[in-house]
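Here's the structure we're looking at; comments come further down.
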Amino acid sequence: MTGDTQPSGRILDARLHLLDHQVLDRDDVPVMVVGDLELEDAEPGGPAPYVTSLVTGPVLGARIFGGRAPASRWQRLPWRLVADVGVVIKIAADAESLDLAWVERWVRDQVIARIPGGRHGP
Amino acid sequence: MNRLLGVALGILTAIGGFLDAGDLVTNAVVGSRFGLSLAWVVGLGIVGICVFAHMSGKVAAVSGRATFEVIRERLGPRAAGLNLVASLAVTVLTLIAEVGGIALALQLASSVDHRLWVPVAALAVWLVLWRVKFKVMENVTGLLGLTLIGFAVAVFLLGPDWGELAAGLAPSVPANESTTTYWYYAVALFGAAMTPYEVFFFSSGGVEEKWTVRDLATSRLNVLIGFPLGGFLSVAIAACAAIVLLPRGIAVDSMAQLVLPVAQAGGMLLVAVVIVGIAAATFGAALETALSTGYTLAQYLGWSWGKFRRPAHAARFHLSMIVALVVAVAVLATNVDPVAVTEYSVVFSAVALPLTYLPILVVANDPEYMGEHTNGRALNAVGSVYLVVLTVVALAAVPLMIVTRAGS
Amino acid sequence: MNRAAAPPTVSRRNASRVAAPTCAVLAGMICACAVLGGCGAQAGRADGERAVIAVGDHLDEASSAVATAQLALESVRDGLLPAVTADATVGRAVESVTAAAHDLAALVPPAAARDAVQGRLTAWDAVADGVAAVAQARVALGADDDASLSDAIAELDDAGAALDDAASRLDAASRLRETR
Amino acid sequence: MIVSDLLDLRAETTDGETVGWTVDARLVLDGPLDGPLARPRLVGLVVSPHTRTSFLGFERAQVPAPWLIARPLRRLHRGTFLVRWEDIARLPLPAERRDPDRRSAVVLRAGYGRHDPRL
């Protein structure tokens, strides 16, 4: 819904504009829902941290049930791929090429593609 | 013809809401026990579902967002997760009843025991989900489902005393029924009319059909034709039961009794038409609930979804529908009464109803999503009133169910 | 000191935030289970008045099933309903009427409640006739000739009348008790 | 660090007085260009004095409708303010965040500024 030009200095609120929003790839294929945002580690008093990536995976469980998923299990989508933030978040890449699409790939290769007709359009 | 096919989505959605296996029986039960004294609830439900389906269709057309995406965005993962669990429970319970209902309808036409039809019915549903285009699916099931108009024809052929029938429309509790039972059925009918998977299916269907702002009129037409038609037919079923079964002391307890008033009215031909209608309606509702299972899970978790994609390009979406169908067959294999199963979905509607309709109302007012197409004042007023009603109904559902032992 | 006192509050608050939705889901499921379980526990020992009401309910169920079978058979006789469809309908009626018979047999009114004990006995005879009549109806549907259909309809009619009779006697007995 | 480490925390002054709860994190796209967009910088936290829930975005977006929902939510979030990153004196350590028995709060510097939270 936002225009093509994104002026630098645009304001985003993490919860209002990013968390729990749908991420689509360049062909509008759903990639993930933003579960969390990763920031640089920073100390109060020092310079403000930058957002480095969008995170999905076990962070969702942590937000629902409490606790904190270990950083080793975060599935990251680097900010550098984000092309547009509007009602949805668009990335400039193919969902296929992302590491975090491994579950979808696994289900496809092990189950769905093996059923006759699974690779054909309806 | 194009106009007619244009509203197939609305008709199919309404069939799932008003005329699925559980509702077919509930309508007849209500007619055979309460006459038409609960028809006002159906009217209330029609207005409510029209208002919120219209909003969800509008959001889908303008912003391209389906309802459960909006629910998670606005409510956050926790409340949306609670809604997901409750909605999935309602949807899967209904799916179980539909697969059982298709089997019962086939038994009416073949006298082969319905238990043997269950795996066949489930396989047929899956094949349609797997291979048939969305457009073809909704047109065929929507048009065949229209044969349920046979029930309305039956009411006319029975030639009731119209004055008496109209007098029965006034809300009143029959002498031999308790007030709590009356209100239990009122809540069940209202919950069925506004059952949340209708908006999940309707909005996702809009996305499947790639609606844009230009299709707002189509969306409105779908809502204004589909849901009132569904409600009208459900009142017709209740009227059939009230005219023929109530005076004979028959309290409906199975789908097989639905054909008796129709036979009295129109004979073999009308019975055949209505059986086709029942089979198509339960089949359509099975498709709607199976797809809704996939839509809600995929939209909450951000998976690729949609029948317009090849199954391999929406792998987890298709896998979840397969799992839901396997669960349905497994539950039916335990020999439970498929229709009794849906009575318990009232419990889960209690959680799902407010948590579904609140975010729709909020987003339909958000100019970031809707641009100039945000809700007008009248729509907001009606929507707000319904939100209050839904919350009251949701709070009352579980206590009423326990007190009345699910209406028995 | 302040700092030492604070932690429990915070932790409890955190815990309750996590617990709230989980509890709601659990509560829903427990309610569902309780209701499902409650239906099964209905049959069994009951006090006199409730036993009379239960006997009346089972009579109503049985007579509804008998009336269903009768309407189905009449429709077949009049050429309004295909026999296969009627067979499925009557098949369900068999299930309903035998369920009523089963529940009636499983009901244990207290020995002191004479009207309940007597009412159950009378009701049992009528319901048993109803079971036989509905079962016979399917045979007649299979035979598919007018004579056996008419016989079966007459039998269902009798069974229905017997059930009505039992119900009104039960009513009269309990009303008599109320006036005493 | 992830952003939910900063949300739903109590915010207090250096004297230990609670001033509210962190309901959102304010980002500004003014970093170096990183891919198609500038990198977002965390400029501050949105603190709501009366409630710990951020709800539906009503507290900042200027949407008055539907009145029945907007009005009570606005009221619940009255007095919401933005605290700049520079005014934050202390954030809970990761160990404190993970351990529910430890006190975890954002401590605001003495003389912190309350800024308008509107976008």
Q.
Using only DSSP helix segments of four residues or longer, with each worth -39500 (n - 2.57), what per-residue ellipticity at 222 nm results for the protein assembly as shown after dividing by its residue count and rounding to 500?
A. -20500 deg cm²/dmol
**Q.** Long-range HN-HN contacts of A:ASP13 with modeled amide H, under 5 Å
**A.** D:LEU27
Q. By how many degrees, between 0 and 90 and to the nearest 10, does the Cα long axis of helix B:216-240 differ from the longest principal axis of chain B?
A. 20 degrees
Q) Semi-axes of the equivalent ellipsoid of the stretch C:90-162: what are they in whole Å, largest first, if each equals the square root of 5 times a C-alpha gyration tensor eigenvalue? A) 30, 13, 6
Q. Can you run phi through the Karplus equation (6.51, -1.76, 1.60; θ = phi - 60°) for the stretch B:51-66 and list ³J(HN,Hα) in whole Hz, with x for Gly and Pro?
A. 4, 7, 5, 4, 5, 5, x, 5, 4, 5, 5, 7, 9, x, 9, 7
Q: Over the alpha-carbon set of the stretch B:1-113, work out the extent along each principal axis and list the three values in angstrom, largest first.
A: 48, 35, 33
Q) How large is the Kirkwood hydrodynamic radius of the stretch C:45-179, in angstrom, based on all distinct alpha carbon pairs? A) 15.2 Å
(Q) Normalised radius of gyration for the stretch A:14-94, please: alpha carbon Rg relative to 2.2 N^0.38 Å, two decimal places. (A) 1.13
Q: Quick one: dipole size for the stretch B:133-270, taken about the Cα centre, charges +1 on Lys/Arg Cβ and -1 on Asp/Glu Cβ, in debye to the nearest 20.
A: 360 debye
Q: Identify all aspartates and glutamates with a Cα-Cα distance to B:LYS58 below 15 Å; exclude those on the same chain that are fewer than 8 residues away in sequence.
A: B:GLU69, B:GLU198, B:GLU208, B:GLU209, B:ASP215, B:ASP366, B:GLU368, B:GLU372
Q | Cα centroid separation, the stretch C:116-180 to the stretch B:14-46 (Å) | A | 31 Å
Q. Got a sec to turn the phi values of the stretch B:194-199 into Karplus ³J(HN,Hα) couplings, 6.51 cos²θ - 1.76 cosθ + 1.60 with θ = phi - 60°, whole Hz, x for Gly and Pro?
A. 9, 3, x, 5, 4, 6
Q. Using modelled backbone amide H atoms (1.01 Å from N, in-plane), which distant-in-sequence or interchain residues come within less than 5 Å of A:LEU39's amide H?
A. A:THR52, D:ILE2, D:VAL3
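Enter the mean number of other protein chain beta carbons within 10 Å of the beta carbon of each residue in B:340-348, as an integer. Please report the intermediate quantities before stating the final value.
Working: counts 2, 0, 0, 1, 5, 1, 2, 6, 4.
Counting Cβ atoms of other protein chains within 10 Å of each residue's Cβ and averaging gives 2.
Is there a quick way to get the dipole size of the protein assembly as shown? I mean about its Cα centre, with the Cβ of Lys and Arg at +1 and of Asp and Glu at -1; what is the value in debye to the nearest 20?
The dipole magnitude comes to about 3300 debye.
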Q: Using only C-alpha positions, report the orientation-averaged shadow area of the convex hull of chain B, nm², one decimal.
A: 18.5 nm²
Q) Amide H to amide H, which residues 5 or more places from A:MET32 or on other chains are under 5 Å from it, using H placed in the peptide plane? A) A:VAL23
Q) Alpha carbon centre of the stretch B:320-364 versus the stretch B:256-272: separation in Å? A) 30 Å
Q: Please give every one of the lysines within straight-line cross-link reach of B:LYS307, meaning a C-alpha to C-alpha distance under 18 Å, and leave out same-chain neighbours fewer than 8 residues apart.
A: B:LYS133, B:LYS135, B:LYS210
Q: Compute the relative contact order of the stretch B:346-405 as a whole-number percentage, counting only Cα pairs closer than 8 Å that sit 6 or more residues apart in sequence.
A: 51 percent
Q.
Please report the net charge: other residues with Cβ closer than 12 Å to the Cβ of B:LEU332, K and R +1, D and E -1.
A. -1
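Let me check against my output: what whole-number percent is the relative contact order of the stretch B:178-289, with C-alpha pairs under 8 Å and at least 6 apart?
Numbers: 23 pairs, mean separation 27.8, N = 112.
Relative contact order comes out at 25 percent.
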Q: Kindly express, to the nearest 10 degrees and within the range 0 to 90, the angle between helix B:21-34's C-alpha long axis and the longest C-alpha principal axis of chain B.
A: 40 degrees
Q. What is the local net charge at B:SER292, summed over the other residues whose Cβ is closer than 12 Å to its Cβ (Lys, Arg +1; Asp, Glu -1)?
A. -4
Q | Coil-residue trypsin sites (Lys or Arg not before Pro) of the stretch B:101-195, DSSP, other Cβ within 10 Å capped at 14 | A | B:LYS133
Q: Pairs of Cα atoms under 8 Å, at least six residues apart: use those to get the relative contact order of chain B, whole percent.
A: 38 percent
Q: Net charge near B:ARG115: determine it from the other residues with C-beta under 15 Å of the C-beta of B:ARG115, scoring Lys and Arg +1 and Asp and Glu -1.
A: -2
Q: Enumerate the calculated ³J(HN,Hα) couplings along the stretch D:9-20 in order (Karplus 6.51 cos²θ - 1.76 cosθ + 1.60, θ = phi - 60°), each rounded to whole Hz, writing x wherever the residue is Gly or Pro.
A: 9, 6, 10, 9, 7, 5, 7, x, 7, 6, 10, x
Q: Principal axes first, then extents: for the Cα atoms of the protein assembly as shown, list largest minus smallest coordinate on each axis, whole Å, largest first.
A: 98, 64, 51
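Every read-out reported here was derived from the displayed coordinates using simple, explicitly stated rules and does not represent laboratory data. None of these values were measured; they are calculated from a predicted model. Ideal geometry is used to build each Cβ from the backbone, glycine not excepted, and the neighbour counts take in all protein chains shown.
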